[in-house]
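Enquirer: Below you'll find the structure I mean.
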Amino acid sequence: MTYITKPRLHHPDLPKNALGFTRRDYEGKVSTLCAGCGHDSISASIVQAAFELDLEPHRLAKLSGIGCSSKTPDYFLGASHGFNSVHGRMPSVLTGANLANRELIYLGVSGDGDSASIGLGQFAHSIRRGVNMAYIVENNGVYGLTKGQFSATSDKGSKSKKGVLNNDSPIDMVSLALQLGATYVGRSFSGDKAQLVPLIKGALAHKGPAFIDCISPCVAFNNHPGSTKSFDYVREHNEAVNRLDVMMPRSPIHATYAPGEVIEVVQHDGSTLTLRKVAADYDPRDRIAAMAYLQERAAAGEIVTGLLHVDPESEDMHDYLGTTAVPLNRLGDAKLVPGAAALAKINDGLR
Ligand SMILES: Cc1ncc(C[n+]2csc(CCOP(=O)(O)OP(=O)(O)O)c2C)c(N)n1
Ligand code: SF4
Ligand SMILES: [Mg+2]
């Protein structure tokens, strides 16, 4: 694969985070996507989120499938672990990696084709198993890499660039994630960095399956009148339910909102999610109400964005399975290969 590396030169005045890294230290190679592709804006938001979280690059593993969206992990977090898997198979590879080493932060990056078409089963099972991860779908409503066929998230009645009508009902990834038990669910727009960066920060800090559906226009194949995933359409129909600030345990809290205007949620790692309410009655802690609200607003033609659900008491797959806290590569032979007597004991217990 050809790629262009970025020069390592940094401007001496670039702001540094608590680790002494600049934003540039969280970038990757130069993107080869089309100029103006929404996916590049999401990469920039991931870089910003990791920078603001003071994340140590070696503590994160980024995984993806196949598609323009799945190429993007090459363009951010160049010093982190990475695995580009097969089309639609990222969730099972991520699940396996997470089972072997729970100490890393797992970031899954996928497309609507990768996760709602060929990988729908994989997506569903990783969420229902409670895998501790931040899973971002860069949703453009088409298979961008293979030249713009409708994907499973294309809205019924939307039109392709050549004017063909889509008659199939769409899969709403957010509703699915809620139904399957995701404990942090957000929707955003690649063009709204102010909303997207804190959503990604909250997802990376969250324990449990965190899912973000990010609408990300494909400028080559799905940005025309008649598309419901174009920049213009999403800007006109975007309705945010809240605005999120993420405060890490060490940062001073300086929110100055009046009581009743905010909901505060403390996550397992001590980070505080401060949600400024935009829709007055919307409480993201209520999963059932969130599901009903989304259906109601979708019927009215709105694309609801923001942090749609968060469960502060969330658990993850390791809690359910009672797995070892020590990563397998550090357990040592005595524990990993306990010998014939231990195996005989297990077999006896199954008789
Ligand atoms: C098993 C398999 N089937 C089909 C393909 C062809 N293919 C490559 S990418 C892709 C769709 C990508 O769409 P999406 O995940 O939405 O990513 P985008 O390019 O839109 O970001 C398809 C069908 C493939 N690579 N592997
Ligand atoms: S084809 Fe579409 S999704 Fe792919 S890089 Fe170009 S604009 Fe982005
Ligand atoms: Mg796509």
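The values are calculated or read from the model by the stated rules, or taken from the named source; none is laboratory data. Note that this is a predicted model, so its numbers are computed, not measured. Cβ coordinates were reconstructed from backbone atoms using ideal geometry, including for glycine residues, and neighbour counts include every protein chain displayed. Accessible surface areas use protein heavy atoms only, side chains included; no ligands, DNA or RNA. Shrake-Rupley method; radii C 1.70, N 1.55, O 1.52, S 1.80 Å.
Enquirer: Can you say whether Lys16 is surrounded by fewer than 21 Cβ atoms within 10 Å (Cβ to Cβ), away from ligand 1 (no atom under 16 Å from the Cβ) and within 28 Å of Val142 (Cβ to Cβ), as far as the supplied structure shows?
Expert: no
Enquirer: Can you list the helices (runs of 4 or more DSSP H) lying wholly within the range 307-351 that have 1 or more residues being exposed (fewer than 12 other Cβ atoms within 10 Å of the Cβ) and among the small types (Gly, Ala, Ser)?
Expert: The qualifying helices (runs of 4 or more DSSP H) are 333-336, 340-350.
Enquirer: Here are the criteria: (1) open to solvent by 50 Å² or more (accessible area, probe 1.4 Å); (2) within 16 Å of ligand 3 (Cβ to nearest atom). Tell me which single one Asp112 does not satisfy.
Expert: Among (1) open to solvent by 50 Å² or more (accessible area, probe 1.4 Å); (2) within 16 Å of ligand 3 (Cβ to nearest atom), the lone unmet condition for Asp112 is (1).
Enquirer: Go through the range 114-139 and give me each residue that's under 15 Å from the mean Cα position of the chain (by Cα) and within 16 Å of ligand 2 (Cβ to nearest atom).
Expert: Selection gives Asp114, Ser115, Ala116, Ile136, Val137, Glu138, Asn139.
Enquirer: Shifting gears a bit: How about the range 174-194: which of its residues are among the polar types (S, T, N, Q) and either open to solvent by 10 Å² or more (accessible area, probe 1.4 Å) or over 30 Å from Ala35 (Cα atoms) (or both)?
Expert: Ser175, Gln179, Thr183
Enquirer: Mind checking which residues of the range 13-29 are in a strand (DSSP E or B) and over 9 Å from Phe76 (Cα atoms)?
Expert: Within the range 13-29, Lys16, Thr22 qualify.
Enquirer: Can you report the number of residues in the range 19-39 which are touching a residue at least 60 places away in the same chain (Cβ under 8 Å) and surrounded by 10 or more Cβ atoms within 10 Å (Cβ to Cβ)?
Expert: Final tally of qualifying residues: 5.
Enquirer: Can you tell me which residue is farthest from ligand 3 (Cβ to nearest atom) among those in the range 205-248 that are aliphatic (A, V, I, L, M), part of a loop (DSSP other than H, G, I, E, B) and open to solvent by 10 Å² or more (accessible area, probe 1.4 Å)?
Expert: Met248
Enquirer: State the number of residues belonging to the range 149-173 that are open to solvent by less than 20 Å² (accessible area, probe 1.4 Å) and more than 16 Å from ligand 3 (Cβ to nearest atom).
Expert: 0
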